[in-house]
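The values are calculated or read from the model by the stated rules, or taken from the named source; none is laboratory data. All of these numbers come straight from a predicted model, not from anything done at the bench. Glycine also receives a Cβ, built like all others from the backbone with ideal geometry; neighbour counts cover every protein chain displayed. Only protein heavy atoms, including side chains, enter the accessible area calculation; ligands, DNA and RNA are left aside. Shrake-Rupley method; radii C 1.70, N 1.55, O 1.52, S 1.80 Å.
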Amino acid sequence: MTCNAEGVIAAMRSVAQVVEAHRDELVTLDREIGDGDHGENLKRGFTAVLSKLDNAGDTPGAVLKIVASTLISTVGGAAGPLYGTGFLRAAAKLGTAETLTPESVADALQAALDGVVARGKAEVGDKTMVDALTPAVAAARETSGSIADVLKAAADAADKGAQDTVPLVARKGRASYLGERSAGHMDPGARSTALLLRAFADAAS
Ligand code: ADP
Ligand code: MG
Ligand code: MG
């Protein structure tokens, strides 16, 4: 991927495709331990993002800022403000830089995680998207190499983090209303975080 605004726009188009392709899977996961809308919420949000990507900005940060505000105004539920905050913090971290570097990508992921945690107050083990994003950030920080290498490490760690939510009892969000009955199902938000990171990694490689 070209590591400028155009590259980020192209990556966001792939993300929107992946969300669309996994809409039903995310709905099914959310039906098990929530209200069944996660896939539709994200699909609505990223479809809106798609419509704003032409000339979305001259820098990666500017593009991500538009992604953030679009998600905040269209996704709804718990995930909308959380993903919106994550993209907004990542955008702010990237500032006005014209191009991405492996280091700035890792820093942006860290900023996104910090934003999600500041907003949702979830800790690792609460069975949320934080369980996918936290190991992803750690892996990104530990990986040296290209942007594609950093994002692949993050996506691999997020996949494992999402898988590891299966036995957990939810302590945040709607799934927490189920108590012990939330165990045995993957958290939909952790799964969507892993899908987003995989889409970024694939776009970068
Ligand atoms: P809603 O639960 O309001 O219908 P969604 O279904 O779109 O919203 O999103 C649910 C996901 O949001 C959960 O699977 C979980 O990953 C995430 N989530 C919920 N509450 C929190 C929180 N406080 N912190 C982090 N993530 C959360
Ligand atoms: Mg839901
Ligand atoms: Mg809902």
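Values as computed for the structure displayed
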quantity	calculated
Residue selected from the stretch 77-91 under the condition touching a Lys or Arg at 6+ places or on another chain (Cβ under 8 Å) and within 16 Å of ligand 2 (Cβ to nearest atom), by the criterion nearest to residue 114 (Cα to Cα)	82
Flag if residue 172 is within 16 Å of ligand 2 (Cβ to nearest atom) and basic (Lys, Arg)	yes
Test: residue 179 is more than 14 Å from the chain's Cα centre (by Cα) and within 19 Å of residue 80 (Cβ to Cβ)	no
Scope the stretch 102-150; condition charged (D, E, K, R) and more than 24 Å from residue 166 (Cα to Cα); matching residues	103, 107, 141, 142, 149
Enumeration of residues in the stretch 169-199 that are more than 12 Å from residue 33 (Cβ to Cβ) and open to solvent by less than 40 Å² (accessible area, probe 1.4 Å)	192, 193, 194, 195, 196, 197, 199
Selection count, the stretch 127-150, where residues are surrounded by fewer than 16 Cβ atoms within 10 Å (Cβ to Cβ) and touching a residue at least 60 places away in the same chain (Cβ under 8 Å)	0
Within the stretch 35-46, considering residues that are open to solvent by 10 Å² or more (accessible area, probe 1.4 Å) and out of contact with any Asp or Glu (no Cβ under 7 Å at 6 or more places or on another chain), the one farthest from residue 94 (Cα to Cα)	35
Test: residue in the stretch 78-89 that is open to solvent by 30 Å² or more (accessible area, probe 1.4 Å), away from ligand 3 (no atom under 16 Å from the Cβ) and at pLDDT 95 or above	yes
Set 166, 117, 124: member being assigned to a helix (DSSP H, G or I), surrounded by fewer than 23 Cβ atoms within 10 Å (Cβ to Cβ) and modelled with pLDDT of 95 or more	117
Residue satisfying condition, being within 16 Å of ligand 1 (Cβ to nearest atom), open to solvent by less than 10 Å² (accessible area, probe 1.4 Å), over 20 Å from residue 131 (Cα atoms) and in contact with a Leu (Cβ under 9 Å, 6 or more places away or on another chain), within set 49, 67, 63	49
Single unsatisfied condition, residue 26 versus (1) more than 16 Å from ligand 3 (Cβ to nearest atom); (2) more than 23 Å from residue 92 (Cβ to Cβ); (3) open to solvent by less than 10 Å² (accessible area, probe 1.4 Å)	(1)
Residue 100 vs. criteria within 25 Å of residue 182 (Cβ to Cβ), away from ligand 3 (no atom under 16 Å from the Cβ) and either over 16 Å from the mean Cα position of the chain (by Cα) or open to solvent by less than 20 Å² (accessible area, probe 1.4 Å) (or both)	no
